[in-house]
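> Attaching a single structure in structure tokens format; questions to follow.
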Amino acid sequence: MVKVMIFIDGSWLYANQHILSKRFGDNYRLDYGKLPQVLGEIIAENLGGMPVDVVRTCLFGSNAINYDIDDEQLVQNRRDFYDLLREEYHYEVEVFHVNYRGKRLKRSDRDPEDDFHPQEKCVDIALSTAMLYYAAIPNAYDIAVAVIGDRDFIPTLQHVRKIGKRVAVAGIKESCASEYADYKDPKRLKDFDIIWLGDLLDKLELKISKRRLECQSPLHIGSRFVYTDEFIRKGRRYYCHECKEKYRVQRLEQRDFIQPPMAEYSFEPDSPTSYGEIKKLLVRRLEDGSENKYGFIRNERGDYYFHSMDLMDDVDFEFLREGDPVMFDVAIQPNPGSRDKPNGKGVNVKLMDRREQPVPASPPLQSSAPVSSSQPFSPQSYQL
Ligand SMILES: [Zn+2]
């Protein structure tokens, strides 16, 4: 049995997947669950039908931190993409932060005078390191399949081959360094013809037949049963399109008064992950019966607002208790000196085991705004 390991440059693939989908029209959905298996089959064909075992699929990607709040959906989409690969298909996913310093993600949305360039860190090196690391571990893999497009990986592929492992490259024609595509292969990068993902779209299409699902939203009106071919994640509830749209609009309306203008806050460029403890948990019942759940985290720098949507997937808002130690990413730094907007914003909030807490619980802050649950929520009582 030949062991295959797959190494994917996730940032590149995410940025270029639209090229693949475009060929089949807007409704094409790529099934990332099938990708390792299909690549394994191609390697097997190349080996004359020898049995192949895809032992691991590793993806390296990045996502924005300290971004303009108008891009929250884009960042969430990418977070969902990585979660999907991890949870549904057991990819090994490593994600690195790109600091946007409060700016918009797309260049076209930024001030044309602004010469800011987001710096993606570690992704290429992490992929290269993993590929070489496993190459050096006896029996970890026989063949590495690199799903890449950037020229930067050339030395890595050469060294993996020097260790005696075989290398295959899978790419996208429209976004591929010429060295990988060159059949003469003067740089000695690969042991197989390049695999074009565009040629595999038939095999990689996500196919789900329609079935009857029940919408679980409290906002739903009328019959809850919907015939749909939508993809539903493991263990997730189904919400119909109308309810999702209602929820999105509702969130936008709430956001307008809970989000402070970004420009008034300073950003912490190098230490986005922070620790603190849950100071207050609040639930506000909305007119339509749904609930807005949010809270505050406190540490030595001040208080951070978070919404239940900012919790990591494995954290249930109902499970949180005041005083719980948490780890979170700082989207906005608190400013305890400010009278009207003292609170920061925390995202990716993760509950920690008390033993994991690296710093002692912070002393209460004199200067921070009082947070109280005795009054009903209003924008006036919580100046964020
Ligand atoms: Zn619904």
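> When you check Val93 against the structure, is it open to solvent by less than 50 Å² (accessible area, probe 1.4 Å) and not in a helix (DSSP H, G or I), yes or no?
Values: open to solvent by less than 50 Å² (accessible area, probe 1.4 Å): yes; not in a helix (DSSP H, G or I): yes.
Considered against the rule, which asks whether it is open to solvent by less than 50 Å² (accessible area, probe 1.4 Å) and not in a helix (DSSP H, G or I), Val93 comes out as yes.
> Would you confirm, using the coordinates I've provided, whether Ile65 is modelled with pLDDT under 90 and open to solvent by less than 30 Å² (accessible area, probe 1.4 Å)?
Numbers: modelled with pLDDT under 90: yes; open to solvent by less than 30 Å² (accessible area, probe 1.4 Å): yes.
When the stated conditions are applied, Ile65 passes them.
> Any idea how many residues of segment 293-337 are open to solvent by less than 60 Å² (accessible area, probe 1.4 Å), without any contact (Cβ under 8 Å) to a residue 40 or more places away in the chain and over 28 Å from Arg101 (Cβ atoms)?
Total satisfying the criteria: 2.
Quick grid of which residues meet (1) surrounded by fewer than 16 Cβ atoms within 10 Å (Cβ to Cβ); (2) small (Gly, Ala, Ser); (3) within 16 Å of the ligand (Cβ to nearest atom):
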residue	(1), (2), (3)
Ser178	yes, yes, no
Asp182	yes, no, no
Lys187	yes, no, no
Ile195	no, no, no
Leu200	no, no, no
Lys210	yes, no, no
His220	no, no, yes
Phe231	yes, no, no
Arg236	yes, no, yes
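> Another question about this same structure. How many of the residues in segment 332-362 are modelled with pLDDT of 85 or more and of a type in the set (A, V, I, L, M)?
Selection size over segment 332-362: 3.
> Among the residues of segment 4-20, is any open to solvent by 20 Å² or more (accessible area, probe 1.4 Å) and farther than 21 Å from Asp150 by Cβ?
Looking through segment 4-20, none of the residues is open to solvent by 20 Å² or more (accessible area, probe 1.4 Å) and farther than 21 Å from Asp150 by Cβ.
> I need a count of the residues in segment 141-155 that are over 26 Å from the mean Cα position of the chain (by Cα) and open to solvent by less than 20 Å² (accessible area, probe 1.4 Å).
Of the residues in segment 141-155, 3 are over 26 Å from the mean Cα position of the chain (by Cα) and open to solvent by less than 20 Å² (accessible area, probe 1.4 Å).
Let's see how each residue does on (1) of a type in the set (Lys, Arg); (2) under 11 Å from the mean Cα position of the chain (by Cα); (3) in the same structural domain as Asp9 (by TED's automatic domain parsing); (4) on the phi > 0 side of the Ramachandran plot:
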position: Asp31; (1), (2), (3), (4): no, no, yes, no
position: Leu39; (1), (2), (3), (4): no, no, yes, no
position: Gly49; (1), (2), (3), (4): no, no, yes, yes
position: Arg56; (1), (2), (3), (4): yes, no, yes, no
position: Leu59; (1), (2), (3), (4): no, no, yes, no
position: Asp68; (1), (2), (3), (4): no, no, yes, no
position: Gln76; (1), (2), (3), (4): no, yes, yes, no
position: Tyr82; (1), (2), (3), (4): no, yes, yes, no
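> Let me ask something else about it. Can you tell me which condition Glu92 does not meet? The list is (1) modelled with pLDDT under 95; (2) under 17 Å from the mean Cα position of the chain (by Cα); (3) farther than 25 Å from Ala331 by Cβ, and all the others hold.
Looking at each condition in turn, Glu92 falls short on (1).
> Within segment 45-62, can you find the residues that are open to solvent by 20 Å² or more (accessible area, probe 1.4 Å) and not acidic (Asp, Glu)? Before you say what the answer is, go through the steps one by one.
First, the residues of segment 45-62 that are open to solvent by 20 Å² or more (accessible area, probe 1.4 Å): 45-56.
Scanning segment 45-62 gives Asn46, Leu47, Gly48, Gly49, Met50, Pro51, Val52, Val54, Val55, Arg56.
> How about segment 21-44: which of its residues are hydrophobic (A, V, I, L, M, F, W, C) and either part of a helix (DSSP H, G or I) or open to solvent by 40 Å² or more (accessible area, probe 1.4 Å) (or both)?
Narrowing segment 21-44 to residues hydrophobic (A, V, I, L, M, F, W, C): 24, 30, 35, 38-39, 42-44.
Scanning segment 21-44 gives Phe24, Leu35, Val38, Leu39, Ile42, Ile43, Ala44.
Results for (1) within 16 Å of the ligand (Cβ to nearest atom); (2) open to solvent by 50 Å² or more (accessible area, probe 1.4 Å); (3) modelled with pLDDT under 85, shown as yes or no for each residue.
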site	(1), (2), (3)
Glu242	yes, yes, no
Lys246	yes, yes, no
Gln250	yes, no, yes
Gln254	no, no, yes
Gln259	no, no, yes
Ala263	no, yes, yes
Pro272	no, no, yes
Tyr275	no, yes, no
Ile278	no, no, no
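> Kindly establish whether Leu219 is of a type outside the set (Ser, Thr, Tyr) and more than 23 Å from Asn27 (Cβ to Cβ).
Working: of a type outside the set (Ser, Thr, Tyr): yes; more than 23 Å from Asn27 (Cβ to Cβ): yes.
Considered against the rule, which asks whether it is of a type outside the set (Ser, Thr, Tyr) and more than 23 Å from Asn27 (Cβ to Cβ), Leu219 comes out as yes.
The values are calculated or read from the model by the stated rules, or taken from the named source; none is laboratory data. Note that the structure is a prediction, hence the values are computed from the model and not measured. Neighbour counts are summed over all protein chains in view; Cβ atoms, including those assigned to glycine, are modelled from backbone coordinates with ideal geometry. Ligands, DNA and RNA are excluded from the accessible area calculation, which covers all protein heavy atoms including side chains. Shrake-Rupley method; radii C 1.70, N 1.55, O 1.52, S 1.80 Å.
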